[in-house]
1. Under a crude label model (7 Å from the Cα following the beta-carbon direction), how far is Asp58 from Asn15 in nanometres?
2. Suppose every K and R has +1 on its Cβ and every D and E has -1 on its Cβ; what is the size of the dipole of the chain about the Cα centre, in Debye to the nearest 20?
3. On alpha-carbon atoms, Rg over Rh for the chain using Kirkwood Rh?
4. How far, in nm, would the chain grow between Asn23 and Ile46 when pulled straight, counting 0.36 nm per residue and subtracting the alpha carbon separation?
5. For region 20-68, which trypsin sites (Lys or Arg not before Pro) are in a loop by DSSP, counting at most 16 other Cβ atoms within 10 Å?
6. Quick one: work out the % antiparallel among DSSP beta bridges in the chain, nearest 5.
7. Where Lys and Arg each count +1 and Asp and Glu each count -1, what net charge lies around Asp10 among other residues with Cβ under 13 Å from its Cβ?
Amino acid sequence: MDLLVAFKNDAAGHNMAKHISQNMEKDGDMYRGKNFDLIEIDTPAISADWLDEQYDYDGFVFLSKTCS
């Protein structure tokens with residue numbers, strides 16, 4: 001199972017998380033789903049190397065909008 005991760009101060013990631021979490025069950029700071037879970041974090045994704053130490057998931061998917 002994967003963990004979707006959104007940075008609270010990233011407007012695009014926050015909006016995606018808000019939309020996705022509507023049909024999920026809230027469990028503390030986390031939203032639980034059938035195929036994936038979701039969490040919003042206080043630190044930017046670039047600084048989120050601590051996630052794999054705190055959460056046991058197959059993979060992490062970071063919700064964000066990128067432009068070039």
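A short reminder: the numbers here are calculations on the coordinates, not readings from a lab. All of these numbers come straight from a predicted model, not from anything done at the bench. Glycine gets a Cβ as well: all are built from the backbone with ideal geometry, and neighbour counts include every protein chain shown.
1. Simple spin-label model gives 3.0 nm for this pair.
2. 460 debye
3. 0.94
4. Result for the pair: 5.5 nm of gain on full extension.
5. Passing sites in region 20-68 are Lys34, Lys65.
6. If we restrict to bridges inside the chain, about 30 percent are antiparallel.
7. +1
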